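Take a look at the structure below.
The values are calculated or read from the model by the stated rules, or taken from the named source; none is laboratory data. Small disclaimer: the values here were computed from a predicted structure and weren't measured. Ideal geometry is used to build each Cβ from the backbone, glycine not excepted, and the neighbour counts take in all protein chains shown.
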Number of protein chains: 2
Amino acid sequence: MSTIDLAQTVMERIEALARISEEPDRLTRTFGSPAMRQANDLVATWMREAGMTVSEDAIGNVIGRYPGREESGKTFLLGSHLDTVRDAGKYDGPLGVIAAIACVQQLHQSQTLLPFAIEVIGFADEEGVRYQTTYLGSKVLTGRFNEQDLKRFDSRGISMADAIRTFGGNPDKLKEGRRDPQQLLGYTEIHIEQGPVLEKKYQPVGVVTAISGQMRVRARFTGQAGHAGTTPMGLRRDALVAAAHFITAVEVSTNDFPGLIATVGQIEALPGASNVIPGEVILTVDIRHHVDATRTSACARLNEVAHRTAEKRGIALDWEIVHEAQSVPCSHELTALLSKAAKRHLVEVTELASGAGHDAAMLGEITPMAMLFVRCEGGISHNPAEAVMTDDVRVAIAVMGDYLLLLGNQLNPLSGKKHA
Amino acid sequence: MSTIDLAQTVMERIEALARISEEPDRLTRTFGSPAMRQANDLVATWMREAGMTVSEDAIGNVIGRYPGREESGKTFLLGSHLDTVRDAGKYDGPLGVIAAIACVQQLHQSQTLLPFAIEVIGFADEEGVRYQTTYLGSKVLTGRFNEQDLKRFDSRGISMADAIRTFGGNPDKLKEGRRDPQQLLGYTEIHIEQGPVLEKKYQPVGVVTAISGQMRVRARFTGQAGHAGTTPMGLRRDALVAAAHFITAVEVSTNDFPGLIATVGQIEALPGASNVIPGEVILTVDIRHHVDATRTSACARLNEVAHRTAEKRGIALDWEIVHEAQSVPCSHELTALLSKAAKRHLVEVTELASGAGHDAAMLGEITPMAMLFVRCEGGISHNPAEAVMTDDVRVAIAVMGDYLLLLGNQLNPLSGKKHA
């Protein structure tokens, strides 16, 4: 098959996967669900077609292994996740798994063995929809899985341990899924961009430089509720007006920190009646940057702005950082190689930071990591409107295929040493 | 009893009424409830003590009548409502009924008859909590009751018609409760201010000039939802940032319309996740002024500001006026008389518009109307923290008592003609 045919196959397989859902009229496929069972089984058949032996680890990650030239060689990991959000698009996750299988299929059909084995992993959970905790699949590989999470319950009262058992996994053997970093060569993930940068630049794919660090702040503005009809403007302590000034300042402040993105995504004004002055507003601020120091400076600045805005209006402010994740840089070596592969197909290679988290961020904890983004229409994701062009998938497969060859080529003379 | 003792009695009776609730640990007394039954019965005993004959009309308004000097005389109405919001304060409503009874008691104990009869009315519903439609009591007196409302259901599935029957009223005879404007001299209501103006001016009471007109706008800003981590700031159409600019502009624009009050009380940002750029924001704007023309100009200005703000950001705006009520001016004659009575007790008399609606606004449709506001702590109402000072109630009773005498005095020489 040519890469065009491979891309076409990838698109058909993504359509087939998208029909496997736990809800009748929309795509929802959560961790440990019967739909995931069906998805894993289908993906396993494609892996076998591509010359891989298939296994499932204790948490339910489906893993296809394509052997290396030497038994003693290291393993290079490819993959992404097979679970989805509720009412999901088709590409977020599955594209990375299915495209990786296509790359292996290309090796298999040309009977090419590389100096390393390849494993393609379909992670059992990245979105965290069912148990409100993300990266369950990749955490098992890195040894970051928190056993306490097994006692979490889903909305129907099923514990995670039971869900794993029902799925066919084994909650008592999760530790065995941990990979020895010494045996790994690296991890590379294909994923839709989930943003509009590549589209704006007319680029089918882009090479990721880092997964941005992130913090989520919960800010509470406390003023004084009052009757909207009887409290003169000059006598108010309106928490929503203060919050509104802050929200406009959030946007403005990003001008001073190139690359910073900051979003107020949730807002609640209490008591929330049209005829009552809001006495309290709670909002979230999501702050991301690929340089951690820039992100923390920006957060400090926003905190200062919020305090100043609140104080001027006699409003109390409570500012709490509820989540923080460090930036995860991609491996320089792998990223350089991925760019080199991309340059074989593109005049110009776009490098960009990933503002979203990915399994790659977790894998980056134990092995060199790289990512290839694929353009998606309007930058839309987590939505049935997610769309990817077949020709972009073709480019992604071509780049990833060359990347694997370049990697093999680079390792070849050194294989004796490297694999020791 | 002196006015001090009367005020003390009023405060005790308000406490007694506050213990009559349909909820164990807070004050909630809605239309037609067993608590309202008990409240009406208790109020009726106080009316009788004050020399009144008591009746209940078909909707359940409790009415005490104190006769005038002549059988043929007109009737002057006093009153307020006995129902409350959920988790209410004690004074909003009951103060006006109980203080009016105290004024009649003062006439009764001095065996004074005026050239007109007085009726004190405890309205059965002003807040509209149970059937989401306000002024049920006063609407019956003015003939504005909408018979369709009888088919409304409360949250437990009880129709309004059945609720009226259970209470002891008669849904088929509501029309009989309509008062002939020719037989009425006017209506005057004592009510807590529900705002902070009198407190700021150190005034125990104030004379109301008008009940402000009001409009409620529902504005919807529609931008583009997107991933908060992957959409660069320059490529966003964030509906919340646009809405925030508008909210700050609402406050600023009130500077150009003296006396205008405008409030954004409700806001919802969708989809409402911390990591998603809000694609849609729906908010309410409550706009009030005692001059209707000023209110409509201000609304037009805000509409223009909202459109300009939205347009600049590529955001669509939907602007809908969902509620509009005209300003109801108080009677010049009655208000002048009420001010004259107030000047007997105060160095300076504060006149102010009422930003909140009252039964008086409904009664104003059929008869001259006036209102006396009583200072309340912090301007707080619709809240258990509502508080009124006994001495302010004393002043209110003294002013209202003198007002009735002044009214009788003014009518006396003309009574033959006026009552013809």
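Some notes on this structure:
- Pick from segment A:69-125, criterion among the acidic types (Asp, Glu) and in contact with a helix residue (DSSP H, G or I) (Cβ under 9 Å, 6 or more places away or on another chain), ranking: nearest to A:PRO24 (Cα to Cα): A:ASP83
- Residues in segment B:25-82 that are β-branched (Val, Ile, Thr) and not in a loop (DSSP other than H, G, I, E, B): B:VAL43, B:THR45, B:THR53, B:VAL54, B:VAL62, B:ILE63, B:THR75.
- Residue count, segment B:222-256 (criterion: hydrophobic (A, V, I, L, M, F, W, C) and more than 7 Å from chain A (Cβ to nearest Cβ)): 8
- Taken over segment A:23-76, the criterion of being in contact (Cβ under 8 Å) with a residue 12 or more places away in the chain, touching a strand residue (DSSP E or B) at 6+ places or on another chain (Cβ under 8 Å) and of a type in the set (Ser, Thr, Tyr) is satisfied by A:THR53, A:TYR66, A:THR75.
- Being free of Cβ contacts under 8 Å to residues at least 40 places away in the same chain and under 23 Å from A:LEU283 (Cα atoms) holds for only one residue in A:THR248, A:THR230, A:THR222, A:THR254, and it is A:THR248.
- For segment B:83-95, a residue qualifies if it is in contact with a Leu (Cβ under 8 Å, 6 or more places away or on another chain) and buried (at least 23 other Cβ atoms within 10 Å of the Cβ), and the qualifying residues are B:THR84, B:ALA88, B:GLY89, B:GLY93, B:PRO94.
- Subset tally (residues that are under 39 Å from the mean Cα position of the chain (by Cα) and over 17 Å from A:ARG295 (Cα atoms)) for segment A:223-273: 21
- Residue within segment B:296-311 that is among the polar types (S, T, N, Q), in contact (Cβ under 8 Å) with a residue 40 or more places away in the chain and in contact with a Ser or Thr (Cβ under 7 Å, 6 or more places away or on another chain) present: no
- Residue tally, condition more than 24 Å from B:LEU352 (Cβ to Cβ), within 8 Å of chain A (Cβ to nearest Cβ) and crowded, with 23+ Cβ neighbours inside 10 Å, over segment B:268-287: 3
- If the condition is being part of a helix (DSSP H, G or I) and of a type in the set (Val, Ile, Thr), then segment A:13-24 contributes only A:ILE14.
- Residue in segment A:318-340 that is over 24 Å from A:ASP238 (Cα atoms), out of contact with any strand residue (DSSP E or B) (no Cβ under 7 Å at 6 or more places or on another chain), in the same structural domain as A:LEU136 (by TED's automatic domain parsing) and in contact (Cβ under 8 Å) with a residue 60 or more places away in the chain present: yes
- One residue stands out in segment A:305-343 among those that are among the acidic types (Asp, Glu) and either modelled with pLDDT under 95 or under 18 Å from A:THR222 (Cβ atoms) (or both): the one that is surrounded by the fewest Cβ atoms within 10 Å (Cβ to Cβ), namely A:GLU320.
- Extreme residue, nearest to the other protein chains (Cβ to nearest Cβ), among residues of segment B:326-358 that are more than 17 Å from the chain's Cα centre (by Cα) and among the β-branched types (Val, Ile, Thr): B:THR350
- Those residues of segment B:129-143 which are of a type outside the set (Gly, Ala, Ser) and touching a helix residue (DSSP H, G or I) at 6+ places or on another chain (Cβ under 7 Å), in sequence order: B:TYR131, B:THR133, B:TYR135, B:LYS139, B:VAL140, B:LEU141, B:THR142
- For segment A:1-12, the set of residues classified as assigned to a helix (DSSP H, G or I) and either over 21 Å from the mean Cα position of the chain (by Cα) or not assigned by TED's automatic domain parsing to the domain that holds A:SER33 (or both) consists of A:THR3, A:ILE4, A:ASP5, A:LEU6, A:ALA7, A:GLN8, A:THR9, A:GLU12, listed by residue number.
- Residue count for segment B:197-219, restricted to those that are free of Cβ contacts under 8 Å to residues at least 40 places away in the same chain and of a type in the set (Val, Ile, Thr): 0.
- Hits in segment B:145-185 - residues which are closer than 29 Å to B:LEU411 by Cα, among the basic types (Lys, Arg) and in contact (Cβ under 8 Å) with a residue 60 or more places away in the chain: B:ARG179
- For segment A:181-213, a residue qualifies if it is within 13 Å of the chain's Cα centre (by Cα) and facing another protein chain (nearest Cβ under 10 Å), and the qualifying residues are A:ILE192, A:GLU193, A:GLN194, A:GLY195, A:ILE211, A:SER212.
- Residue within segment A:95-118 that is in contact with a Lys or Arg (Cβ under 9 Å, 6 or more places away or on another chain), in contact (Cβ under 8 Å) with a residue 24 or more places away in the chain and assigned to a strand (DSSP E or B) present: yes
- Qualifying residue in segment B:352-364 (condition: surrounded by 21 or more Cβ atoms within 10 Å (Cβ to Cβ) and over 24 Å from B:ASP286 (Cβ atoms)): no
- The helices (runs of 4 or more DSSP H) found entirely in segment B:147-253 that carry 2 or more residues being assigned by TED's automatic domain parsing to the domain that holds B:THR350 and crowded, with 20+ Cβ neighbours inside 10 Å are B:160-167, B:197-200.
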